[in-house]
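Data first, discussion second: the structure below is written as structure tokens.
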Amino acid sequence: MTKPEVEITYQSISPSDFFYRNREIAGFSNPSRAIYAAVRELLENSLDACESISIPPKIYLRITEITPSDAERESAVYVLRIEDNGTGIPSEHIPRCFGQVFYGSKYNLKQARGTFGLGGTITVLYGQITTHKPVKVVSSTGVEIHEYEMMIDIEYNRPMILRHTVLENKKGWRGTIVELHLEGDYTRSMSKLYEYLKQTAMVCPYADITFVDPKGRLYRFESATNVMPKPPKTVRPHPHGIDVETLRRMTATSKVKNMKLFMIEQFQGVGVMTAEKFLNFAGIDPKTDPKSLSPDDVVKLVRAAKEFKEFLRPDASCLSPLGEELLSTGIRKELNLTEKDFLRVYQRHPSTYSGFPFIVEAAIALGRSLSKNEEGSKMIYRFANRIPLLFDESSCVVWKVVNKNINWSTYKVSNDTPLVIAVHLCSTKIPYKSVGKEFLADQPEVEKEITNALRHIARYLRLYISRNIRLAKEKRRLNVFEKFLPKIAEFSAKLADKPEPPDIKPLLNAVGAELPEVERKIREVPQIAGEND
Amino acid sequence: MQEKTIRESDKQRESMERALKTLGNLIYDQITNREFPWIMMQSRSMDNIIYDSEIKQYVLGDKMVRRHSRNIAHIRPFTQFIWTAWFARELLRLRKTSTLREVYYSARGQRDIEFKNQTESDNIITDLETALNRPREDFNVYPEERSAIFGDLTIEYTVPGYEGKRMNLTEHPDGVMIGPALTSSEFIETSADKVLVIEKGAMFTRLVEERAHERFNALLIHTAGQSPRSTRTIIQRLCRDKKMPVYIFTDGDPWGIHIAMVIISGSINAAHLRGLATPEAKWIGVWATDIINYDLPTENLTDFDLKRLKELKEDPRYREELWQREINTFMKIGKKAELEAFSRYGLTYIVDEYLPAKLELA
Ligand SMILES: Nc1ncnc2c1ncn2[C@@H]1O[C@H](COP(=O)(O)OP(=O)(O)O)[C@@H](O)[C@H]1O
Ligand SMILES: [Mg+2]
């Protein structure tokens, strides 16, 4: 027997190393996508930081080209700078928030854009590997200002601080500034980037976003309100959504003495009665010490938790839907809808899938102002936890609902009706179909809620459309009489050798007698579009 | 004599103008009375076209329709109707004639009421005929198709510039075109004692060359296929006023049969008009039995021909024995023959043998 020729080496890699090797997973797959992904990650962090303390975000974003684009690679080096008025980051956390993958403040159970403690760091990492320049983070929680210049030690998933300066904060500034170098292709990412900002402004009508692009163009997305949605509350997990590992960890760290108290304390909506009933159902003695549960017991409990029917519905206070008012403000503003256009927003009651609460908000818009922009087909806007989803539309459950589940002709919508449809899904766990986080899986519960929401609105849409058809018809009628009666008068007079044609005004008035009624109906139309149940 | 005829045609024109003016007054008054203008006329829908076996012609029944300008679907044709009436009055006033096609084009300048196609304008003209109960020739609108007449008939023109001018219809060897001028002329005198109507121009020319008009003492008319209404009017006038028998000579196929029948009994399309049919006229050939008797060269009947024959068989105008016999024979032999078929017996055979024999029989 001979030894194998090939020598096999075994090694372990750090999380940052993993993302360094697999950056396409996080959206940094090519130069044009990279700019888009970087803006998205940093902007979302800023919005999260403002919304968590209910401050209307004021965000300044600037991208500057510093080396002219490389003709061969079609990419250039840019400086990306973003400033916000959010919470700021306590100095001691700054290096790790931007220099260590899987470090963050959003691991608790409440709705936020960020979840994994990944986006900010991977952006910094991408900038570093393409330009070998440090990132600059300036932040203050309202006291002194901290300025860091740092890089990531990729091999060990840890920050390397190059410079840390503490500055006086005379004006009491609070917020965060991030500035980094990265390689990308702005020209090719431009349209998606603009679309992303526009749609962000649509779901965040209280945000004020300024963007200066590499060509020096200024884009302003002004806020239309300073009302903010109610912030989400952190909740305890719901038993339906628990998995074996989480339960094991919870039992290991819990300080209570028995399983009954454990259930009451660790989970939402579980009282004395429910705890007893459930443990009985699961076949676990309520007096058992959580720490003494065997691995088999843990598995048994998780299974039972999924089957037990008497838990309360998951608590939706961890969600922060926009609300009908705000969503319609946002859509109206970004689509430049007028009062005469149809816009109706509807928020469904909270629902759940696999123990995770979710809320669907939907809107449909239709009107003259739209037909000019979006010719023909239905325009779909998709949002998840206030993040616009821009890619892979046709793989998304929203697309499926719009194109398969709903028979639009029953709502008098024809193929070339310029409809705009918006769907916002809020959840502590968005059912993304892939790691790309660009489209929603067809989770049956979610699909049903979206379908119901759109059908509900579509009923009003039908009313609007049929009144408009009626109105158009009535106008056409009048038009026809105005066109032909004068000619009948003219030629009858000529035929009868009369010097003047007879007066047709009384006849036209008779036709127009129905006008006020029609006009009243038209005036009602915006109400159809706006009134909520 | 001369004075009288001109006054007669003047009278007709005046009465037509009066009818049009009355129509204008009617609508003018309706509007002044704050009423949406409307007109009543006989319905031309299929269920109101009835065969009158007495006069052997299709006529309109009692059903009336109302064209109402209050009706959004009617107002455009209604406006076109008034415009057409005005146009007709202008024609009469200016003493001009026009054609169906010209009417269609004349509306082109009129925004919103211009006709989409000639079928639309033809229809409106038929409306006007129905409403006024007068053929369009009375308001100087003629068809495009032109047929011709030849033979010893002296006519006197009434059209402007030719008033009182006379002409003998043998003057031109190609025949004289049956146009508005001829249609409105007076028939002064003739030595002929019959009318021979031929479906085809080529055969007409042959008959002129063979001096058939002299040999049969006849006026020759060629219809150029299905005969235009002005030609039918002339045939009818010759038969009625000059008491001349009329003989029709067509191809031996269903289409030829029907050309003869329309001259005799009128068409469904003109059920709203009288004075176009000549019930006394006779179809003398080419019969199906002639095909057998004269052993003519034939072609097979097509499916299309057979279908048409079946339709004719059911048509009330064809109830009489001669027609039924010939239709049945056509169906039985499955053959048809053209007028030219006789040339197998030499170019003059038709004049020398066939026609004399058939006229004899008739
Ligand atoms: N602009 C900012 N303002 C306040 N905190 C921020 C900002 N950007 C990043 N952070 C903090 O850094 C953490 C890590 O960010 P990130 O890597 O994007 O992960 P995630 O957003 O998923 O938590 C966040 O959880 C947040 O606490
Ligand atoms: Mg983030």
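We did not get these values from a lab; they are worked out from the coordinates using the rules stated. All of these numbers come straight from a predicted model, not from anything done at the bench. Cβ atoms come from the backbone with ideal geometry, glycine included; neighbour counts cover every protein chain shown.
Does anyone have the angle between helix B:254-265 and the longest principal axis of chain B? Alpha-carbon axes, 0 to 90°, nearest 10? The two axes meet at around 60 degrees. Among B:Met261, B:Met40, B:Met16, the largest mean-square fluctuation in a Gaussian network model of chain B (Cα springs under 10 Å) belongs to B:Met40. The orientation-averaged projected area of the convex hull spanned by the Cα atoms of region A:15-221 comes to 11.3 nm². In degrees between 0 and 90, to the nearest 10, how far off the longest principal axis of chain A does helix A:186-203 point, with axes built from Cα atoms? Result, in degrees: 80.
Nearest 5 percent is fine: what portion of the DSSP beta bridges confined to region A:309-441 is antiparallel? About 80 percent, rounded to the nearest 5. Three principal axis extents of region A:239-314 based on alpha-carbon atoms, in descending order, are 27, 21, 20 Å. Of all lysines in the structure, the ones whose alpha carbon falls short of 28 Å from that of B:Lys11, not counting any fewer than 8 places away in one chain, are A:Lys494, A:Lys498, B:Lys21, B:Lys96, B:Lys165, B:Lys242, B:Lys243. Listed from fewest to most Cβ neighbours within 10 Å, the set A:Cys204, B:Cys239, A:Cys396 follows the order B:Cys239, A:Cys396, A:Cys204. Annotated for region A:244-301: lysine pairs at least 8 residues apart or interchain, Cα distance under 16 Å, count 11. Is the shape of chain B best called rounded, prolate or oblate, per the rule: a/c under 1.5 gives rounded, else a/b larger than b/c gives prolate, else oblate, with a ≥ b ≥ c the square roots of the Cα gyration tensor eigenvalues? Oblate shape, in that a/c is at least 1.5 and b/c is the bigger or equal ratio. Each residue of region B:176-189 is assigned a 3J(HN,Hα), and the resulting list reads 9, 5, 8, x, x, 5, 5, 4, 8, 7, 9, 8, 8, 7 Hz, derived from the Karplus form 6.51 cos²θ - 1.76 cosθ + 1.60 (θ = phi - 60°), x at Gly and Pro. Taking 14 Å as the straight-line reach from the Cα of A:Lys215, the aspartates and glutamates in range (excluding those fewer than 8 positions away in the same chain) are A:Glu65, A:Asp185.
Each pair of Cα atoms in the protein assembly as shown enters the Kirkwood radius, and Stokes-Einstein at 25 °C and 0.890 mPa s then converts it into a translational diffusion coefficient of 66 µm²/s.
Restricting attention to chain A, close to 85% of DSSP beta bridges with both partner residues there are antiparallel. Per the Kirkwood formula applied to alpha carbons, chain A shows a radius of gyration over Rh ratio, Rg over Rh, of 1.10. For chain B, the share of DSSP beta bridges that are antiparallel, to the nearest 5, is 65%. Between 0 and 90 degrees, the angle of helix B:75-94 with respect to the longest Cα principal axis of chain B falls at about 70 degrees. For chain B, averaging the sequence separation of C-alpha pairs within contact (under 8 Å, six or more residues apart) and dividing by the residue count gives a relative contact order of 14 percent. Within a straight-line Cα-Cα reach of under 18 Å, A:Lys171 can be paired with the following aspartates and glutamates, leaving aside sequence neighbours fewer than 8 residues apart in one chain: A:Glu83, A:Asp84, A:Glu144, A:Glu147.
If you bin all the Cα-Cα distances of region B:148-361 at 10 Å, starting from zero, the percentages per bin are 8, 34, 35, 18, 4, 0. Among B:Asp138, B:Asp122, B:Asp315, the largest mean-square fluctuation in a Gaussian network model of chain B, built with springs joining Cα atoms closer than 10 Å, belongs to B:Asp315.
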